[in-house]
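Below is one structure, written out as structure tokens; the observations come after it.
Values quoted throughout were computed directly from the atomic coordinates according to the rules given, and no laboratory measurement underlies them. No experiment lies behind these values; they were computed from the predicted model shown. Glycine gets a Cβ as well: all are built from the backbone with ideal geometry, and neighbour counts include every protein chain shown.
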Ligand SMILES: [Zn+2]
């Protein structure tokens, strides 16, 4: 079995513990040993990587990936792309996530029913490079809800990037169908959104029995549910029925926050605010409406979301950086920016942001016992970083500072030769 010895690394293990100097041995696809420098024999078949004090940390984990979003300004673009080209773009994005050091992605919706599933399978069997992927369904929404792009005068066709459902039976059927096709994650949209004036963020769109129906299917088929939940009532429904990943949580009131806190060992929250921040700063350049009223509404949603995350962090809820990359103004490939947003806009320490993007990400993936930390026995998803992300978390945004990227014990990006 192939083995690698990372020699003289500064290990930032993802647990929240301070970094320490160590040698790290990888055998096969797992971390076999971590010891003080010089304590692991270098003789034998090991390839030795001289780290010279560079930071060795877990691969990053994106908690709200949309690999099939295509960096366009409007969701109508999802309809326009035939499935063949769409799959190629999805695989291209998968590789791009590895390029940036994201070795795992928890998907928060695909834009055609089988894109995530097929990409995950192709990655898993080694045909294409990409992160470990939890594959999601398309978004299950309600008629008139976020992502229902149908127009009365047109044949609805079957190319929707969301699946409108009405009533518990329709949601149950859609969830079962997604399970049949092989998703890991069922995505629902129980609230409105910042981007849809007709159905604003504070509005609850799904009913309690609809959310319950999807969660029942997920439980019985051993899948998980992720939800776009901005309104207070949508958050409460999600927590009540066992949704695992809640996104945005903008209008969480004190009751919703109490419920999240009470279930903090079961739920994860990811605000996914980069898309909102860049919507304000960049989207005007891409021809999107930018009236004062609209900007005011977006700014309000952003501020409320940021305030909510500060409070949830104080309450010990796992708040994870990442999310909603794949729009023209917030493109794939810039995901690590989310860590800096956590530090600069929400007062997280760099360590807290990194734990969110590693250890907690592993827990969200359902693999907390073997993913997201540099620990003996854990899967060898590792980054060797030039510099100290605790001093400046933004160095994780610079791919040139990622000296090596390993996934599952195999170098996706081998260390440069001069470090051997
Ligand atoms: Zn999203």
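Figures for the structure shown
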item: Likely footprinting exposure, 228, 79, 86, fewest C-beta neighbours within 10 Å first; result: 79, 86, 228
item: Residue order, fewest to most beta carbons within 10 Å, for 97, 412, 325; result: 412, 97, 325
item: Residue 376-residue 198 pseudo-label distance in nm [points 7 Å out on the Cα-to-Cβ vector]; result: 6.0
item: Computed over the range 266-321: relative contact order in percent, which uses C-alpha pairs under 8 Å that are six or more apart; result: 62
item: Residues of the range 15-29 with amide N under 14 Å of the 7 Å Cα→Cβ point at residue 47; result: 26-29
item: Residues of the range 20-38 with amide N under 18 Å of a point placed 7 Å along Cα→Cβ from residue 388; result: 20-22
item: Cut-off 17 Å (backbone N to label point 7 Å along Cα→Cβ of residue 29), residues of the range 67-99; result: 98
item: For the chain, calculated [θ]222 nm from helices alone, where every DSSP H run of n ≥ 4 adds -39500 (n - 2.57); result: -9500 deg cm²/dmol
item: C-alpha center-to-center spacing [the range 44-84, the range 357-420] in angstrom; result: 12
item: Using alpha-carbon coordinates, inclination of helix 232-241 to the longest axis of the chain, degrees; result: 60
item: Mean-position separation - Cα centroids, the range 314-339 and the range 174-243, in angstrom; result: 20
item: Global form of the range 334-409, assessed from the alpha-carbon gyration tensor, a/c cut-off 1.5; result: oblate
item: The chain: angle of helix 337-346 to the longest principal axis, Cα-based, in degrees nearest 10; result: 70
item: Cα long-axis angle, helix 115-124 against the chain (0 to 90 degrees, to the nearest 10); result: 10
